[in-house]
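See structure below.
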Amino acid sequence: MAVYGFGQVTVPAAGTPVNLGVALGFGPTSGKPMSIGILQKVIIQARPANAGIVYIFSGSDGTDHRTDRELCMAILAHPTSATDGPFDRYEIDVANAAGGLNLANLWIDAASNGDGVIISGSVN
């Protein structure tokens, strides 16, 4: 199993969903192997510096779904302490799904501008 740390993705403007695959630079013209974008397990963790909550969505139509929670998979709380946490996280394990999980199918949004997530994942 190969484990990858992808870094962080932030939401520049609260209410405007951000696609994780695009934000991390996966795509046919990115120069990054598309196979790394297809994962068996993904961990999405709240950033230590977050001031508000972060929403994880299974898709987006470009509109703000923070209130109606349409397509919402999880909501991550902001940490009580930027140094001690706790750092809320959401795990998606699709080890038995054919083809795995494509990061391009995941979106985040935030209650506060500049909040975001740290992403890691594994490929079997």
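Computed from the coordinates by the stated procedures, all read-outs in this text should not be read as laboratory data. From a predicted model like this one, the values you see are computed outputs, not experimental measurements. In this analysis, Cβ positions are derived from the backbone assuming ideal geometry, glycine residues included, and neighbour counts consider all displayed protein chains.
Worth a mention:
- Over all other residues within a Cβ to Cβ distance under 15 Å of ALA49, the charged ones net out to -2, with Lys and Arg as +1 and Asp and Glu as -1.
- Each residue of region 14-24 was assigned a 3J(HN,Hα) from its phi angle through the Karplus expression (A = 6.51, B = -1.76, C = 1.60, θ = phi - 60°), giving 3, x, 10, x, 10, 7, 5, x, 5, 4, 7 Hz with x at Gly and Pro.
- Placed amide H near ALA110: partners under 5 Å, 5+ positions off or other chain: GLY15, THR16, TYR55
- A Cβ-based charge dipole, computed about the Cα centre of the chain with Lys and Arg at +1 and Asp and Glu at -1, lands at about 320 debye.
- Region 4-10 - phi-based ³J(HN,Hα) in whole Hz, Karplus 6.51/-1.76/1.60, Gly and Pro as x: 10, x, 9, x, 10, 10, 10
- Over the chain, the pair-distance histogram of Cα-Cα distances with 10 Å bins from zero comes to 14, 46, 33, 7 percent, rounded to whole numbers.
- The chain: calculated mean residue ellipticity at 222 nm from DSSP helix runs of at least 4, using -39500 (n - 2.57): -500 deg cm²/dmol
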